1. Looking at GLN42, GLN10, can you tell me which residue is in contact (Cβ under 8 Å) with a residue 12 or more places away in the chain and exposed (fewer than 13 other Cβ atoms within 10 Å of the Cβ)?
2. Take segment 144-173 and flag every residue that is surrounded by 14 or more Cβ atoms within 10 Å (Cβ to Cβ), within 9 Å of the ligand (Cβ to nearest atom) and more than 22 Å from ALA185 (Cβ to Cβ).
3. Just checking, does segment 84-107 include any residue being part of a helix (DSSP H, G or I) and within 17 Å of the chain's Cα centre (by Cα)?
4. Restricting attention to segment 111-141, which residues are more than 10 Å from the ligand (Cβ to nearest atom) and under 11 Å from the mean Cα position of the chain (by Cα)?
5. Go through segment 127-152 residue by residue and tally those that are among the aliphatic types (A, V, I, L, M), more than 15 Å from LEU177 (Cβ to Cβ) and in a helix (DSSP H, G or I).
6. Which residue is farthest from VAL12 (Cα to Cα), if the candidates are limited to segment 97-140 and must be of a type in the set (Gly, Ala, Ser) and surrounded by fewer than 14 Cβ atoms within 10 Å (Cβ to Cβ)?
7. Return the only residue of SER52, SER58 being of a type in the set (Ser, Thr, Tyr), in contact (Cβ under 8 Å) with a residue 12 or more places away in the chain and touching a Ser or Thr at 6+ places or on another chain (Cβ under 6 Å).
8. Taking the condition of being of a type in the set (Ser, Thr, Tyr), within 21 Å of ARG123 (Cβ to Cβ) and free of Cβ contacts under 8 Å to residues at least 60 places away in the same chain, how many residues in segment 135-175 meet it?
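Readers should treat all values here as calculations from the given coordinates under stated rules, not as data from a laboratory. Bear in mind the structure is a predicted one, so any value in this text is a computation, not a measurement. Note that each Cβ is placed from the backbone with ideal geometry, even for glycine, and that neighbours are counted across all protein chains shown.
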Amino acid sequence: METRKLETQQGVLELVPCCDSGRINTLSMDPDLRIFRPPDRQHQALVKIAASEDGCVSIARSENQLVAYAAFHRPDSFERMGTDTTGGIYELGAVEVTPARRSGHLARRLLELTFETGLFEDRVVIATLYYWHYDLEGSGLSIYRYRNLLERLYASVGFSVFTTDDPEIRGYPENALMARIGASAPQEVVQSFHNLRFTEKGMPMSGSPGQ
Ligand SMILES: CC(C)(COP(=O)(O)OP(=O)(O)OC[C@H]1O[C@@H](n2cnc3c(N)ncnc32)[C@H](O)[C@@H]1OP(=O)(O)O)[C@@H](O)C(=O)NCCC(=O)NCCS
């Protein structure tokens, strides 16, 4: 997979799309990558995802330290999108950039490089925006500005916002469901995604994208 060098004010980074799990294992984790879990536990989780058949972990490294990542995998089976039977729905489960390197478009470059591989063109990739994952303290942003930041970031690589009756999203205007429908995603995968957006009784079973 083609890697890329990125010049930053703090030196040159190497960006690696869908990095090999063994390589991730040899890197140390930036100690400030701790939004989702303590860094050592997140490191283990990333190695596991990268080693799994359906996983992809793209990373940015500075020398031997991992400073940013984006992790893709099949949605967990207890989540509604995880009940997809086509096997074509994936999830951008987490993206994190160490605080000292934020606002320099590193997250965007990492996502761009991942999608440029073409690996996700025949898939639907979802991203669930949950406010309980937002780094409001570190960013100094309001909850809605943070959602807006994420929407812009994901939209820059082809994601759109979709309505859903998922109570964890519908009940919270701070949250959102976004998805990127690959250019060659089979119709059955796309239809499965639309069906799974609405599963609550009394709600439509399918629909078109919309705010
Ligand atoms: C969300 C996150 C990954 C973004 O990383 P990043 O490298 O700073 O993002 P980028 O620099 O590519 O910026 C993406 C957009 O957000 C904007 N942005 C980034 N930081 C911002 C800030 N503090 N204030 C306002 N806008 C900001 C950028 O200007 C850019 O918008 P633009 O393209 O219109 O200029 C990073 O803030 C992070 O790790 N947050 C904690 C984890 C998290 O929230 N993950 C997402 C949920 S899984």
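1. The conditions single out GLN10.
2. Scanning segment 144-173 gives TYR146, LEU149, LEU150.
3. Among the residues of segment 84-107, at least one is part of a helix (DSSP H, G or I) and within 17 Å of the chain's Cα centre (by Cα), which makes the answer yes.
4. Selection gives THR114, VAL125, ILE126.
5. Let us first name the residues in segment 127-152 that are among the aliphatic types (A, V, I, L, M), namely 127, 129, 136, 141, 143, 149-150.
Those left that are additionally more than 15 Å from LEU177 (Cβ to Cβ): 136, 141, 143, 149.
Within this subset, residues satisfying the condition of being in a helix (DSSP H, G or I) are 136, 143, 149.
Number of matching residues: 3.
6. Among them, the one singled out is GLY140.
7. When all the criteria are applied, what remains is SER58.
8. Filtering segment 135-175 down to residues of a type in the set (Ser, Thr, Tyr) leaves 139, 142, 144, 146, 154, 156, 160, 163-164, 172.
Narrowing further to those that are within 21 Å of ARG123 (Cβ to Cβ): 154, 156, 160, 163-164.
Remaining after also requiring free of Cβ contacts under 8 Å to residues at least 60 places away in the same chain: 156, 160, 163-164.
So the count comes out to 4.
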